1. Helix 100-118 against the longest principal axis of the chain: what's the angle in degrees, Cα atoms only, rounded to the nearest 10?
2. Can you list which of the GluC sites (Glu not before Pro) found in segment 288-334 are DSSP loop residues with at most 15 other C-beta atoms within 10 Å?
3. Give the accessible surface of the chain per residue, rounded to a whole number of Å², with probe radius 1.4 Å and ligands, DNA and RNA excluded.
4. Mind listing the long-range amide H neighbours of F292? Cut-off is under 5 Å, sequence gap 5 or more, other chains count too, H placed in the peptide plane at 1.01 Å from N.
5. Of the heavy-atom accessible surface of the chain (probe 1.4 angstrom), what whole percent is carbon and sulfur?
6. Which FRET efficiency value, to the nearest 0.05, is calculated for K398 and A117 with the Förster distance at 51 angstrom and r the Cβ-Cβ distance?
7. Can you work out the Karplus-derived ³J(HN,Hα) for every residue in segment 196-212? Use 6.51 cos²θ - 1.76 cosθ + 1.60 with θ = phi - 60°, whole Hz, and x for glycine or proline.
8. Treating only the Cβ of Lys, Arg, Asp and Glu as charged (+1, +1, -1, -1), what charge dipole size does segment 340-457 show about its Cα centre? Round to the nearest 20 debye.
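The values are calculated or read from the model by the stated rules, or taken from the named source; none is laboratory data. Note that this is a predicted model, so its numbers are computed, not measured. Using ideal geometry, Cβ is built from the backbone for each residue, glycine included, and neighbour counts are taken over all protein chains shown. What goes into the accessible areas is simple: the full protein's heavy atoms, side chains included, and nothing from ligands, DNA or RNA. Shrake-Rupley method; radii C 1.70, N 1.55, O 1.52, S 1.80 Å.
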Amino acid sequence: MRGEGTPPPLDSTLPPSLKKVLIVSPHFPPLNAPDMQRVRMSLPYFRAQGWEPVVLALGDAWQHGVREPELLATVPPTVRIVRTRGVPLWLSRLVGVRNAGLRAWPFFLWRGTRLLAAEKFDLVYFSNTQFITFTLGRLWRNWFGVPYVIDIQDPWRTDYYERPGSRSPPGGWKYQLARAQAWALEGWTFREAAGAISVSPSYLEDLRARYRHFATVPAEVIGFGASRADLAYATASVDHAQKFHRDHGEVHLLYTGASGPVMPHSLTVLFDSVRLYRERWPERARRLRFHFIGTSYVASGEGKNSVVPVAADCGVADQVDEIPHRIGHLEALRWQEAADVLLLPGSSDLAYSPSKLYPYFLTGRPILGLVFQDSVMECLLDELDCAFMVRYRNDGPKEGAHRELHRFFDLALAGFPAGSLPARNTDHFSSHYLAEELTRRQCALFSRALPPQTAVI
């Protein structure tokens, strides 16, 4: 691993007009965390768009979570990574704090201030879900005049758990503290932001509704996307086809990623359909196997099943497997390549934008989408025309959804006859959701966020 703060070799081919962006991402490889994937996938393409990235991240010794050393090979060696210390986890746990942003904040303030004082940066870019780090942007803008852009991967302030019919919020007093922090600091932080990126249009709409000035801030909806280089690296040297047994003609349906408290609605629809299907056609149904891999963010040995209990309530737990700890990003790609069907359960949070859709698309595997009507996910799947969609409303009847799922099970067991799946909109995907294109769009937003005299031409 490169030394902390060690500059890369000079690249004499860089254009003289290159702008410099300080990217704040507490999580970074070798840690595998979902909120740093946009940065990691974009790093190979920033320079081609006229920007030199410098990443401010926690040092590995101060990061907590699942390690994936392989990810280091996907980071260009010419990119400068400045790593800092953080409050040790054992110490922060004494007051109930595990959040990487809180543990990194004073060290990021110190190191970022030194960087901005010593070097010329044109922009600061916050791309993470450690919301407290966003406050550094306003401080640095006041001190150095450097504009900042915020990537809204999740809403900082949300009323989701206060809506009628929603589940109780997780985290107890920690949730209440985070909620109070969001109400106190979100407006103050976004008031001076020079630009915003969001994975969901509803997040930007909420901010514009809360803060009138935000309507004039340059903003763009940019999804997470996928990297062809990641998929090629993940599958180059591993026999991923051996992950599943097919001794008796089994069909393996796979979901990779966390299963949060907003997903059981879709899982209940799915598993109820499986139960009804096997009551009617037991011999067919026994060939269906469901796998849920990496359903929490914790390390191996710390996770608890969240999907199998839902399957048990529906009477089909014997057909469902679960790995309840986080797995590596590249390992998830290998699982996806080996599956027969990729599952995409929708969320009762209609603004949910599933990042796994994009690597799913790249594999070329059939996708089964269980979608809430009028959701962002429904719009994305319609746009890409890449999934067999089962649509329903949370408060509506489910008989139609069950019939559609039974039809899908028949198709899967028959090997998906020609014409049984939608034709994928590959051209649209390539021009909108590959990492290099998403990096171009980020950099175009950066340029709009700069003061007029420094904007990239």
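1. 40 degrees
2. For GluC sites (Glu not before Pro) across segment 288-334 that sit outside H, G, I, E and B with at most 15 neighbouring Cβ atoms in 10 Å, the list reads E302.
3. Per-residue accessible area for the chain comes out at 43 Å².
4. Those lying under 5 Å, H to H, from F292 are Y255, D321, E322, I323.
5. Numbers: 10630 of 19580 Å².
On the chain, the fraction of accessible area on carbon and sulfur atoms equals 54 percent.
6. So, using R0 = 51 Å, E works out to roughly 0.30.
7. Working through the residues one at a time gives 8, 10, 9, 7, 9, x, 5, 5, 5, 4, 4, 5, 5, 6, 7, 10, 4 Hz.
8. Working: 11 positive and 14 negative charges, 40 e Å.
Dipole about the Cα centre, nearest 20: 200 debye.
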